[in-house]
Structures are given as C-alpha cells and as structure tokens.
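Rule-based calculations on the coordinates, nothing more; no lab input. This structure is a prediction, so every number in the text was calculated from the model and none was measured. Cβ placement follows ideal geometry from the backbone for every residue including glycine, while neighbour counts extend to all protein chains displayed.
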Amino acid sequence: MTARFLPEGFGNAELLAPLRSVFTQLCAQGPLKLAVGLSGGADSAMLAVHAALLARQYPDLQLHCFHIHHGLQETADGWQSHVHRLAMGLGLPCHSLRVRVDVASGKGVEGAARDARYQGLKALAGRTGVTHLLLAHHLGDQSETVLMRLLRGSGPTGLAAMAPVSRRDGLAYVRPWLNVDRGIILDAASQYAELTGWLAVDDPTNVDDSYTRGAVRRRLVPQLDARWPAWRKILGRHASQAQALAGLLDEVAAEDLARLELCAAATSFSLQAWRGLSPYRQTLVLRHWLALHGLRAPTEARMREWCRQLRGLHALGHDRNMTLRHEAHVIQCERGRVRLLRPGDAGETR
C-alpha cells in the first residue's frame, strides 16, 4: 500500500525545498520525533505526503501524524478514518484525539476550537514524545491573518501574524510553507488524487461567513484578488517585517526585565526598577514577562489600566488591594515587588 500512496516521481520541488531545510536543521541537533498536524484537507495532506517522501532520507527522524477531532460537524467521524487511511498508506503512525470545544467560553467558536486543538496537540505530543509539530499554513493563510489583525486594530508587532517557528506548552510549531502560494499546494493535491485516488476532504466552514476567517475568504478575498492580485505577497512581506520588529522589541524587553531584580523563577520583579523605565518599555516588559509564563498579553485597554495602577501604588508597593486577574493567574504587589501567582500559589521565594 505504501508504494501506492508514495507514487514514483511524485513530489513538488517548491514544497519539498522548505521542508528539506527544516528537516536538515532539526536533525542536525540529534534524533527527532516530529509530527504533522493532519486535518485531511489539501494543505495538511500534501504536507504529510511531502514530509513522508523526505523522511526516508533522514534515519534519525521519526515522523507521526496528529489528527484532532473537534466534534463540531457530523462528517468529522468520516474525516478521521480518511486521515488514518492516508497515514497508513504513507507508512506513518497516526494518533487521533477527540476534544471538547467550550462554545460557552466567550471566545467564540473559532477561538474555543483553537484552544481545544492546542490542548489536544499537547496531549498527543506528551503521549508520543513528539517535540516538533509541522503545520501547513501557507501564504494565503498568513496574508488573511495579517488582514484580520489590521481590521481588529492590532499594533505593529501584532501584524507579525504567524511565525515560522513558535512555541507553546513545550511544543515547537513549525510552519515551513508560510511563503508558499496555495495554488502550488492545490496543484500537487490534484496530481496526487489522479495518481492515488485519495481525495482531500473539504471543510465547509472554511468559507462559512458566520466565522471571521470564512467571511474574509468569501467576501473580501474575491474583491482583493480582482483589484490587487499581488495583495497576498504584499501582506506576507508586512508580516516578515513585523516579525523582525517584534524580535528586536523582544530582545529589548528581555534585557529590561533582567535589570528589574528578577527572582530566580522569573515570577516577581522590582516595582521601583520597573517605574524607572519609559512608559512604552514598561508595557513591553509586562508583555514579555507574561509570555515567559505562557500567558497571552491582555487587550491594549486592559494593559493601560494595569500600568496606571502599578504607577499609582505606594512607593514600597504596600497595597494588597491591587489584584489584577489574568486568565487563571493573579498579579499582586507586595513589599515593593510585582508578583505573578499561579493557581494554588500561596507565596513565592525570591
């Protein structure tokens, strides 16, 4: 069956090249357990196929497939079996997990599904020992993300959109195709279907305008394509430039935080030293500090309020009434130190 699903001569050079670069770089660090996020759509399927083609050239690489079943559509059970059939044909172990999407979380269906997906991927990585996960995001996804963040009012660093490599919950997410036009992927998927008979699934929510990204694809993208055909590449360049800016600002924030009498666990710093920074750098430090602990930054309005309260505290920080809640954590100030308390924390040792 493997010969059928890895037909002789198949493989697109523009899709293989960035993957080869990733494999070479990662395998140079030693044996590697790597997984492909496989939904069953054309993008992730072609990523799995091309990764399987290359994996044979890297003896220290163990390649897996991860599939998350959100349970939001009746056809999803069929997608799971379809994905396993492809993985088996490629000679790859496939691990599936059904997750619960908390639609009452206040984050919307898209946000809740994203959170559930990340938790599911984390669980699968823990079971298998996988440390790196390949995702099939491409230039179209990247440009749409930049566009949506522009419309939501994101600042310059927010326009960095998706990074080629990002880390979350101890797992590295690698996106080798961010600069690849989706047309190349679809052409490969069409050729693959002719050679093997395996057809990618079609998720109707991708163009469902009740979802934000679906609305962008259905309503805005056709107009942009007609009026500005190069808009994807232009926004992709904006994302690259914003990533460079974000990296520079992150370096500045890390250096500033290190000067704030940071405790060994990085859970507290000096209020007085923080006040010595300029207002903009105070904000940068707080964002960086939260990110160190795997927490998202608050909204711009909420961050302004945090900074206002911290600047208005007693000089020694003796104000136990100042309690800032963020996700499941608490930020307090005591004895002149700003502290991050995790759920269940009773105190912190400097």
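The relative contact order of the chain, computed from alpha carbon pairs under 8 Å that lie at least 6 residues apart in sequence, is 14 percent.
Between Ala172 and Ala291, the simple spin-label model (points 7 angstrom out along Cα→Cβ) gives 1.8 nm. For the stretch 22-66 versus the stretch 167-194, the spacing of their alpha-carbon centroids is 11 Å. When volume of the Cα convex hull per residue in Å³ is computed from the coordinates, the matching label among (1) 138; (2) 261; (3) 156 is (3).
Listed from fewest to most Cβ neighbours within 10 Å, the set Leu16, Leu147 follows the order Leu16, Leu147.
In summary, the convex hull built on the alpha carbon positions of the stretch 95-230 has an orientation-averaged projected area of 10.3 nm². Among Ala35, Ala328, Ala125, the residue with the largest mean-square fluctuation in a Gaussian network model of the chain, with springs joining Cα atoms closer than 10 Å, is Ala328.
For the stretch 33-164, the relative contact order comes to 27 percent (Cα pairs under 8 Å, sequence separation of at least 6). By the Cα gyration tensor, the stretch 216-282 has an equivalent ellipsoid whose semi-axes, rounded to whole angstrom, run 42, 12, 11 from largest to smallest. For the chain, Cys27, Cys263, Cys307, Cys333 have no disulfide-compatible partner, since no other Cys C-beta lies under 4.7 Å from theirs.
Using only alpha-carbon positions in the stretch 1-143, the gyration tensor eigenvalues give semi-axes of 26, 17, 15 Å once each is multiplied by 5 and square-rooted (largest first).
For Arg275 and Ala17, the FRET efficiency from 1/(1 + (r/R0)^6), where r spans their Cβ atoms and R0 equals 45 Å, is about 0.35. Summarised as an ellipsoid, the stretch 172-229 has semi-axes of 24, 16, 15 Å, derived from the eigenvalues of the Cα gyration tensor scaled by 5 and square-rooted, with the largest first. Over the stretch 89-187, Cα pairs under 8 Å with separation of 6+ residues give a relative contact order of 27 percent.
For the chain, a Gaussian network of Cα nodes joined below 10 Å ranks Gly78, Gly236, Gly91 by mean-square fluctuation, and the top entry is Gly78. Membrane-span-like helices in the chain, defined here as complete DSSP H runs extending at least 18 Å along the helix axis by their C-alpha atoms with mean Kyte-Doolittle hydropathy no lower than -1.0, are 13-27, 42-55, 76-90, 108-128, 139-152, 182-196, 231-258, 279-292; this is a sequence and geometry rule, not a statement about a membrane. Computed from the Cβ-Cβ distance with R0 of 30 Å, the FRET efficiency linking Ala265 to Lys33 stands at 0.55.
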